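The values are calculated or read from the model by the stated rules, or taken from the named source; none is laboratory data. None of these values were measured; they are calculated from a predicted model. Here the Cβ positions follow ideal geometry from the backbone for every residue, glycine too, while neighbour counts run over all protein chains shown.
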Amino acid sequence: MPVDQIPIGTFSRITRLSQKALRLYDERGLLVPAARDICTGYRYYTFAQVERGLRIRHLLWLGFDLGEVEAVLKARECGDAGTIRELFRARLAATEQEAGRLHAVAEVLRVQDPLNGGFHMSITEPVIKDVPAQRALTRREKGVYQEAIPRLIGELCAFVRPVDGREPAARMAGPVIFICHDEEYRETDADIEVAIPIVGPVSLDGTAVEVRTLPGGRFLSVLHTGPYPGVGNAYERLFAYMNEHHLMPVGPSQELYLNDPHEVPEDELLTEVQFPVQEIPQSP
């Protein structure tokens, strides 16, 4: 065996990439061995390939998937610094989002209430209320709940509570509302709308923010007190009530955020969950 031929096992130890992974990278053309035994098919690498192997391992450690690793390495070979910067920017954003989720999980685990799923929370009895139609600033897009909702709230609040001395573009008339337009939970492409009720004149100057009238009607409502991850229990209570009272949802659910998470502890967060409902027609 030539001096510059490294068996796959040795190459695996040097780069800390498993032999299974190296075979996969060979199949994908990501890291092709320099030589292969004709009889046994055994793979051999060169010392020059160690750097690429280590770079792949580092990128995987940073959280890039294989497709992104391939894109980074290809851009590096072409001297395309812009593509590399964009891929790293996107990975950073995803990492910060996951870090925020893990922080929220850690906060929940600190709560000493294991019999209640780790939540200090309370849910009121469901009530049916007549909600009037209301004019609102809205932003709607598809994305990830944990990232899109706080960002869209921030964008809308900049119009009604600017922090740079500008005059508000509209006058806020109610709490921030999250409207879920999906019939099922979606991991990455949820149809998300955030709205802030307003009154009076509006000055938007050609922004992506829209003004629309949120429909009113008969809504089933509960008030949840506690961390946001526990809001699912409010939905459970609402659907149980619908089942008991022969009601059905007739539109998207909405969550009203009644206080500011920057101003009150998580255990004191107030979220009103509403569903537009109607009675299920009974068979004659």
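Mind checking which residues of region 1-19 are outside any helix (DSSP H, G or I) and surrounded by 12 or more Cβ atoms within 10 Å (Cβ to Cβ)?
Correct list: Asp4, Gln5, Ile6, Pro7, Leu17.
Out of curiosity, is Asp260 under 18 Å from Ile177 (Cα atoms) and either in the same structural domain as Glu183 (by TED's automatic domain parsing) or under 22 Å from the mean Cα position of the chain (by Cα) (or both)?
Against the criterion (under 18 Å from Ile177 (Cα atoms) and either in the same structural domain as Glu183 (by TED's automatic domain parsing) or under 22 Å from the mean Cα position of the chain (by Cα) (or both)), Asp260 qualifies.
Of the residues Leu238, Leu220, Leu214, which is under 19 Å from Ala173 (Cα atoms) and not charged (D, E, K, R)? I'd like the intermediate steps shown before the answer.
Working: Leu238 fails: under 19 Å from Ala173 (Cα atoms); Leu220 fails: under 19 Å from Ala173 (Cα atoms).
One residue alone meets the criteria, Leu214.
Write out, first by first residue and then by second, each pair whose Cβ atoms fall under 6 Å of each other, whose residues are 6+ apart or on separate chains, and whose first residue, in region 167-195, is within 16 Å of Arg139 (Cβ to Cβ) while the second is loosely packed, with under 13 Cβ neighbours inside 10 Å.
If the second residue must be loosely packed, with under 13 Cβ neighbours inside 10 Å, the pairs left are Ala169/Ser203.
Could we say that Ile128 is within 14 Å of Glu193 (Cβ to Cβ), in the same structural domain as Ile177 (by TED's automatic domain parsing) and either among the hydrophobic types (A, V, I, L, M, F, W, C) or modelled with pLDDT of 90 or more (or both) here? Before the answer, list the steps.
Numbers: within 14 Å of Glu193 (Cβ to Cβ): no; in the same structural domain as Ile177 (by TED's automatic domain parsing): yes; either among the hydrophobic types (A, V, I, L, M, F, W, C) or modelled with pLDDT of 90 or more (or both): yes.
Judged against the criteria, Ile128 is not a match.
When you scan region 124-214 for strands (runs of 3 or more DSSP E) that lie fully inside it, which ones turn up with 3 or more residues that are among the charged types (D, E, K, R)?
Once the strands (runs of 3 or more DSSP E) in region 124-214 are filtered for at least 3 residues that are among the charged types (D, E, K, R), what remains is 134-143.
Give the residue that is surrounded by the most Cβ atoms within 10 Å (Cβ to Cβ), with candidates limited to residues of region 20-64 that are among the basic types (Lys, Arg) and more than 40 Å from the chain's Cα centre (by Cα).
Arg43
Each row is one residue, and each column tells you yes or no for (1) in contact (Cβ under 8 Å) with a residue 12 or more places away in the chain; (2) more than 23 Å from Arg76 (Cβ to Cβ).
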| residue | (1), (2) |
| --- | --- |
| Ile6 | yes, no |
| Gly9 | no, yes |
| Ala35 | yes, yes |
| Ile38 | no, yes |
| Phe47 | yes, no |
| Arg57 | yes, no |
| Leu60 | no, no |
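Filter region 62-89 down to the residues that are in contact (Cβ under 8 Å) with a residue 24 or more places away in the chain and of a type in the set (A, V, I, L, M) and list them by number.
Leu62, Leu66, Val69, Leu73
Scan Ala104, Ala71, Ala99, Ala94 and give me the residue that is at pLDDT 85 or above and either among the β-branched types (Val, Ile, Thr) or assigned to a helix (DSSP H, G or I) (or both).
Ala71
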